[in-house]
Amino acid sequence: MRKAVYPGTFDPITLGHLDVIAQVAPLFDELVVAVLHNPSKRPWFDLDERLDMIRDAVRAYSHVRADAFSGLLVDYCRSSGVQCVVRGVRNHVDLQNEMAMAQMNRALHDDLVTVFVPTSPEWSFVSSSLVKDVAMHGGDISRFVTPHVANALAARAGGLANRHV
Ligand code: PNS
């Protein structure tokens, strides 16, 4: 069985992430979108909210599921019996960072292969951080995320703005 993990923070999932999922989903029998549980990063959305948004976004794929992990990615891969990690790459900066992570993960886990997926050009500037920044300032982010995520972002941005006035 060809299994892969697509790990990330997904705070929140964007159409850029979904583009990566759409590209690789046909290549695997099971694809796990694995959300890092790291409260010290102070995400906008808690783990369950991020998992819900992912589940809604990937509901068309019967073999793509969402899961959470904490600690080292290599340990999660070992315990899940997965030998392939998928990461999206938008530009040369991503590539540089991703190379280091892939090589570190490989050093920690001999059998782990990382597959880099170039993001489609239309999403090359889209990141969860930028989408949150635009939402925070009242901008229209509906082109970059699913409707479910857009609603969640608008609600959270409104809540954060009220807290700061
Ligand atoms: O969406 P992100 O923030 O770019 O994802 C980064 C992530 C979660 C894939 C990476 O930080 C990670 O794997 N963290 C788990 C801890 C770990 O294994 N660190 C060593 C990586 S070389």
| task | Between residue 116 and residue 93, with labels modelled 7 Å along Cα→Cβ, what's the label distance in nm to one decimal, could you check? | result | 1.6 nm
| Using the Karplus equation 6.51 cos²θ - 1.76 cosθ + 1.60 (θ = phi - 60°), what ³J(HN,Hα) coupling, rounded to whole Hz, does each residue of region 65-74 give in order, writing x for Gly and Pro? | 10, 9, 8, 10, 9, 9, x, 6, 4, 4
| said: Just to check, using Stokes-Einstein with a Kirkwood Rh over alpha carbon pairs, what's the diffusion coefficient of region 93-165 at 4 °C and 1.567 mPa s in µm²/s? | reply: 87 µm²/s
| task | Specify the residue with the greatest mean-square fluctuation among 120, 128, 62, computed from a Gaussian network of the chain linking alpha-carbon atoms under 10 Å apart. | result | 62
| From the phi of every residue in region 30-46, what ³J(HN,Hα) in whole Hz does the Karplus formula 6.51 cos²θ - 1.76 cosθ + 1.60 yield, where θ is phi - 60° and glycine or proline is x? | 9, 10, 9, 8, 9, 8, 6, 8, 9, x, 5, 6, 6, x, 5, 10, 6
| request: For the chain, find the longest principal axis of its Cα atoms and tell me its angle to the long axis of helix 147-164, 0 to 90°, nearest 10. | output: 60 degrees
| Using unit Cβ charges (K, R positive; D, E negative) and no other charged atoms, how large, in debye to the nearest 20, is the dipole of region 25-165 about its Cα centre? | 360 debye
| query | Of 121, 145, 23, whose Cα points farthest to the positive end of the dipole of the chain (charges on the beta-carbon: +1 Lys, Arg; -1 Asp, Glu; origin at the Cα centre)? | reply | 145
| query | Where a ≥ b ≥ c are the square roots of the eigenvalues of the C-alpha gyration tensor, would you call region 1-91 rounded, which needs a/c under 1.5, or, failing that, prolate if a/b is larger than b/c, or oblate? | reply | oblate
| message | 5 Å is the cut-off here: which amide hydrogens, built 1.01 Å from N in the peptide plane, fall below it relative to residue 89, excluding neighbours closer than 5 in sequence? | response | 117, 119
| query | Taking the Cα atoms only, what angle lies between the long axis of helix 15-24 and the longest principal axis of the chain, rounded to 10 degrees? | reply | 20 degrees
| request: Have a look at 22, 154, 100 and tell me which one the Gaussian network model of the chain (Cα, springs below 10 Å) gives the largest fluctuation. | output: 100
| query | Which of 80, 40, 70 sits closest to the plus end of the dipole of the chain, meaning its Cα is farthest towards the positive end, when Lys and Arg get +1 and Asp and Glu get -1 on the C-beta? | reply | 40
| Roughly how many debye, to the nearest 20, is the charge dipole of region 74-123 about its Cα centre, given +1 on each Lys and Arg Cβ, -1 on each Asp and Glu Cβ, and no other charges? | 0 debye
| request: Enter the angle in degrees (range 0 to 90, nearest 10) between the Cα long axis of helix 92-108 and the first principal axis of the Cα atoms of the chain, meaning the one along which they spread out most. | output: 50 degrees
| query | Among 125, 144, 116, which one moves the most in a GNM of the chain with springs linking Cα atoms closer than 10 Å? | reply | 125
| Once amide H atoms are built 1.01 Å from N in the peptide plane, which residues 5 or more positions from residue 69, or in another chain, come under 5 Å H to H? | 35, 36, 37
| query | How long are the semi-axes of the ellipsoid equivalent to the chain, from square roots of 5 times the Cα gyration tensor eigenvalues, in whole Å, largest first? | reply | 27, 16, 16
| field | Inter-label distance for residue 106 and residue 70, nm, one decimal - labels placed 7 Å from Cα along Cα-to-Cβ | value | 3.1 nm
| Relative contact order of region 72-117, pairs being alpha-carbon contacts under 8 Å that are 6 or more residues apart, as % | 54 percent
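Rule-based calculations on the coordinates, nothing more; no lab input. All values reported here derive from a predicted model rather than from experimental measurement. Note that we place each Cβ from the backbone using ideal geometry, even for glycine, and neighbour counts take in every protein chain shown.
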